[in-house]
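Only one structure is covered here, and it is reproduced in the block below.
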Amino acid sequence: MLAKASPELSYDISLTAHQQGHYDHAEAGLAKAAAGGVPEAPDALARCIADA
């Protein structure tokens, strides 16, 4: 699902995955969002990695 999603949608999906404890999916989506220029994504990615 994340492969075809925009960086913004990847960010939103990844936040939900993180909240549900799916850290591997969240990390992949947040990395894509960060690379795509979503300004909040790097901080969220760092939190996800710390939680995993």
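The values are calculated or read from the model by the stated rules, or taken from the named source; none is laboratory data. Computed from a predicted structure; not experimentally measured. Reconstructed Cβ throughout: ideal geometry from the backbone, glycine too, with neighbour counts over all protein chains shown. Keep in mind that these areas ignore ligands, DNA and RNA; they rest on the heavy atoms of the full protein, side chains included. Shrake-Rupley method; radii C 1.70, N 1.55, O 1.52, S 1.80 Å.
Here are the numbers:
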read-out: Residues that are under 12 Å from ALA41 (Cα atoms) and of a type in the set (A, V, I, L, M, F, W, C), drawn from the stretch 14-28; value: LEU15, ALA26, ALA28
read-out: Qualifying positions in the stretch 35-52 - open to solvent by less than 70 Å² (accessible area, probe 1.4 Å) and either assigned to a loop (DSSP other than H, G, I, E, B) or touching a residue at least 24 places away in the same chain (Cβ under 8 Å) (or both); value: GLY36, GLY37, VAL38, ALA41, ALA44, CYS48
read-out: Residues satisfying the stated conditions in the stretch 1-19, i.e. open to solvent by 40 Å² or more (accessible area, probe 1.4 Å) and among the small types (Gly, Ala, Ser); value: ALA3, SER6
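Matching residues to (1) at pLDDT 95 or above; (2) charged (D, E, K, R); (3) out of contact with any Lys or Arg (no Cβ under 7 Å at 6 or more places or on another chain); (4) closer than 17 Å to ASP51 by Cα:
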| residue | (1), (2), (3), (4) |
| --- | --- |
| HIS25 | no, no, yes, yes |
| LEU30 | yes, no, yes, yes |
| ALA33 | yes, no, yes, no |
| VAL38 | yes, no, yes, no |
